[in-house]
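For reference, the structure is listed below as structure tokens.
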Amino acid sequence: MEALSGKSKVSRAFPARGPCQAGAAVLLASLALTTPLLSQAAIDPNVAPRAAALDRQGERHLAVDLLGRYLATAPDDGSAWLQLGRFYLYDARDWHLEDHRGDPDGLLYLDFAATALEQSIRLAVDSGVVFRGLAEVERALIFVEDSGWAAARYARARPGVPPMPPFILELGANLLASCPAGGVLLTGNDLEALSVWYGSIEHPALDILPIRPALYATDSLYRRRMAEAMGVDPGLSVQSALAAVAPRRPLCLSPGTDSAAVPPLAWMPLRLVRVNRTGSPGPEALSVNELLKATRQSGSPWVLAARGVYDGAARHNVLLCSSLLLLFGDSPPPACRP
């Protein structure tokens with residue numbers, strides 16, 4: 001099994017996004033390699049929110065420049081590092097939307113994101129580990145686009161990548177175990193995609209093909225590779241492609257799957273997913289033990305997000321309320337409350 005590494009084969013035709021962003025990227029790389037500054041500025045809790053506001057106004061390059069200059073003098077602001085890492089992660093995603101053109105390319109943006117997010121992890125910022133994992137998911141996406149799913153499904157996360165929280169790994173295992181063997185598993189939000197990707201690393205023999213419908217609709221390279229894996233025409237829309245594969249493979253909808261991507265088939269609940277045909281789910285029993293531990297020990301918003309996935313599943317499968325989700329005791333998901 002190999003690591004998710006190597007250079008992207010895609011082109012770099014567009015100019016850089018701007019000198020401020022390019023300069024901040026160089027600054028970010030240099031900060032990661034230097035010793036702490038002798039004189040550090042006080043942490044300003046308003047900088048990260050100001051950067052977020054600039055991004056909402058469509059001025060991400062200014063937001064990145066602001067954070068880069070600020071972190072050069074206040075390198076112990078974990079929230080600012082997290083925000084900077086998120087911006088580079090979003091830049092990597094935008095690179096896909098821009099037809100894989102631009103300089104830096106997606107892999108370099110992900111390197112910048114990883115460096116910033118590892119600083120946020122060092123400073124014990126709650127979401128740092130999760131966004132660092134999302135950066136690896138995006139790196140895996142480029143690996144899929146370069147080499148195809150057949151090669152990517154047996155790849156591992158690169159050495160040194162921080163492990164995911166156990167409740168996220170548990171969620172991924174549960175979603176994969178809910179889909180019959182040979183199934184195509186559609187994921188919705190980032191948490192579902194993250195958990196399923198890490199679960200696929202741990203259980204490559206399950207032969208479950210995870211699909212991100214939004215990417216399939218917008219990313220031509222991803223669509224070509226995943227259409228190849230499903231054996232369908234890459235010119236088809238995501239809905240038509242899934243309808244074409246449905247007679248041959250089980251389709252599994254995660255709780256967060258966008259209904260716009262779902263073909264008009266008869267769907268039935270099976271564990272945490274909905275399927276288009278009857279079939280036996282994976283042999284592993286579902287468990288929420290890690291989520292229960294995290295609920296007691298952590299106030300992380302990602303714990304609440306994970307609970308939301310189970311709640312979404314219970315909306316389609318009420319049997320979960322009288323089985324797996326009974327373990328939540330006096331605080332069941334909203335879908336299980338009278």
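Bear in mind that the values in this text are calculations on the coordinates, not laboratory data. Predicted model only: the values in this text are computed from it and were never measured. Cβ: placed from backbone, ideal geometry, glycine included. Neighbour counts: every protein chain shown.
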Zero-based 10 Å bins, Cα pair distances in region 257-338, whole percents: 16, 45, 31, 8, 0
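Cβ neighbours within 10 Å, averaged per peptide: list 168-180, 123-135 in order, most packed at the top.
168-180, 123-135
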Mean projection area, nm², convex hull over Cα of region 164-338: 9.9
Radius, Kirkwood style, for the chain when every pair of distinct Cα atoms is counted (Å): 21.1
Net charge of neighbours whose Cβ lies under 12 Å from the Cβ of Pro250, counting Lys and Arg as +1 and Asp and Glu as -1: +3
Cut-off under 5 Å, modelled amide H: who pairs with Leu251 long-range: Val184, Asn276, Arg277
MRE, 222 nm, helices only [DSSP H, n ≥ 4, -39500 (n - 2.57), over the chain, to nearest 500]: -16500 deg cm²/dmol
The chain: angle of helix 19-33 to the longest principal axis, Cα-based, in degrees nearest 10: 90
Cα-based Rg / Dmax (Å) for region 41-103: 12.4, 41
Amide H partners (placed H, <5 Å) of Leu270, local residues excluded: Val275
Mean Cβ count within 10 Å, highest first, over the residues of peptides 225-233, 271-279, 290-298: 271-279, 225-233, 290-298
